[in-house]
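The values are calculated or read from the model by the stated rules, or taken from the named source; none is laboratory data. Nothing here was measured: the structure is a model prediction, and the numbers come from that model. Heads up, the Cβs are rebuilt from the backbone with ideal geometry, glycines too, and the neighbour counts pull from every protein chain shown.
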Amino acid sequence: MIRFIKVEDTLPLRSAVLQKGKALELCINPEDLKPDSFHLGLYDDENILQCVLTVHKTNHPKLPHEGYRLRGMATQPDARRKGYAKELLGAAKEHIKTQLHGDYLWCIAREIAYPFYLEMGFEFFSDEFEYKDAGKHKEMYIPFY
């Protein structure tokens, strides 16, 4: 089941999967608390949170129109390859298109996630670069126009 969740609900997975075990309070982005941001979680049949993501209303300077940025997408390690991330990202895309009337969703994707985002319809729009201490990344987006 997919639900809107609080930013606090995203933090344990963000810490464990994306932030190398950082303290939860260090895993919050300033944009997380803005009123035009939203957080989604996918719960399994036992009501355990398996996958989370956050979306911020953020236009990208290289892209036209109204954009949203995907951040902090993480799946429980033992729940990977079950389609949870695809289902959750699909729900986020649908919400942005139909409820928020956004024109695109963009992200800064980790190298390991390029195939996932390509399969979900995203396109590259930058060269590869080192992002903070998290390795190689590229900017990707999916247009809705």
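For segment 66-88, the set of residues classified as closer than 18 Å to I48 by Cα and either in contact with a Leu (Cβ under 6 Å, 6 or more places away or on another chain) or assigned to a helix (DSSP H, G or I) (or both) consists of M73, A74, P77, D78, A79, Y84, A85, K86, E87, L88, listed by residue number. For segment 28-53, filtered to residues that are within 20 Å of K93 (Cβ to Cβ), not in a loop (DSSP other than H, G, I, E, B) and not hydrophobic (A, V, I, L, M, F, W, C), the residue that is nearest to the chain's Cα centre (by Cα) is H39. Listed by first and then second residue, the pairs linking a residue in segment 105-123 that is more than 16 Å from R71 (Cα to Cα) and among the polar types (S, T, N, Q) to a residue that is outside any loop (DSSP other than H, G, I, E, B) and modelled with pLDDT under 95, with Cβ atoms under 7 Å apart and 6 or more places separating them unless they lie on different chains, form an empty list. Would you check if E25 is of a type outside the set (V, I, T), touching a residue at least 40 places away in the same chain (Cβ under 8 Å) and not in a strand (DSSP E or B)? No.
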